[in-house]
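The values are calculated or read from the model by the stated rules, or taken from the named source; none is laboratory data. This is a predicted model, so every value here is computed, not measured. All Cβ positions, even for glycine, are placed from backbone atoms using ideal geometry, and neighbour counts span all protein chains on display. The protein model used for the area step is the full one, side chains on, heavy atoms only, and it has no ligands, DNA or RNA in it. Shrake-Rupley method; radii C 1.70, N 1.55, O 1.52, S 1.80 Å.
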Amino acid sequence: MEPKDNLKARLDLVEKGIRSKLHPQTIGSDRTYLPPTCFSMVPKEKDDFLKVLKGIKVLNGYASNITCCIKLKQRKIGSLKSHDAHVMMQQLLPIALRGSLPKKVVLPLIELCCYFRKLCSKVLQIEELERLEKQIAMTLCNLEKIVPPSFFTSMVHLVVHLATEAKIAGPVHYRWMYPIERYLQRVKS
């Protein structure tokens, strides 16, 4: 179960009177059953998803060896550095998700990944950024139809403002810390 999809989040759905299919069900006197969500993966889907990620090979220097971070037996991804997480989200996640989840779940996630990929491109055009500002609102609305309301924190809301920030401050890669972190690592060694 996802960290944002727990009993408390499901009780919020009951309180708001929405998504009755996902309301918790009491079994006996001490057990509660949470019906599976459309974004939950069964073990076979998780295995397929992780196998796709495990089989991806990237150019040397593009990202660290992401395949080492994939734990097939535990069905987990761990020990990603921040740059690797960006590569995963912008490039690899859209590929791996396509066959794992229903289309109504995958499309907003791929749109979100594409949004970040376009924001992080080396060349930005004002018209494209204005289009991205409008598109991200629709993407987040589509995500609201899928995930529980507890997912939408102030941090998720900040995504709406990233295109405006890029219009003001320019391309993101000029503000990244990755080159400085690499240089400091070289100096320390």
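Observations
- Restricted to helices (runs of 4 or more DSSP H) entirely inside region 1-117, those with at least 3 residues that are in contact with a helix residue (DSSP H, G or I) (Cβ under 7 Å, 6 or more places away or on another chain), at pLDDT 90 or above and farther than 28 Å from residue 164 by Cβ are 7-16, 43-55.
- Matching residues in region 119-145 - criterion: being open to solvent by less than 40 Å² (accessible area, probe 1.4 Å), part of a helix (DSSP H, G or I) and of a type in the set (A, V, I, L, M, F, W, C): 119, 129, 132, 136, 140, 143
- Residue 95 being under 29 Å from residue 138 (Cβ atoms), surrounded by fewer than 15 Cβ atoms within 10 Å (Cβ to Cβ), within 18 Å of the chain's Cα centre (by Cα) and of a type in the set (A, V, I, L, M, F, W, C): yes
- Answer residue from region 2-29, given it is open to solvent by less than 80 Å² (accessible area, probe 1.4 Å) and of a type in the set (D, E, K, R) and is nearest to the chain's Cα centre (by Cα) among those: 5
- Filtered residues of region 147-164 (kept if of a type in the set (Phe, Trp, Tyr) and touching a helix residue (DSSP H, G or I) at 6+ places or on another chain (Cβ under 6 Å)): none
- Helices (runs of 4 or more DSSP H) enclosed by region 146-189 - at least 3 residues per element that are at pLDDT 85 or above and exposed (fewer than 13 other Cβ atoms within 10 Å of the Cβ): 154-158, 178-188
- Any hit, region 30-46, residues being open to solvent by 50 Å² or more (accessible area, probe 1.4 Å) and either of a type in the set (S, T, N, Q) or touching a Phe, Trp or Tyr at 6+ places or on another chain (Cβ under 9 Å) (or both): yes
- Subset tally (residues that are under 15 Å from residue 181 (Cβ atoms) and loosely packed, with under 11 Cβ neighbours inside 10 Å) for region 57-81: 1
- Residue count, region 77-90 (criterion: touching a residue at least 12 places away in the same chain (Cβ under 8 Å) and within 26 Å of residue 107 (Cβ to Cβ)): 8
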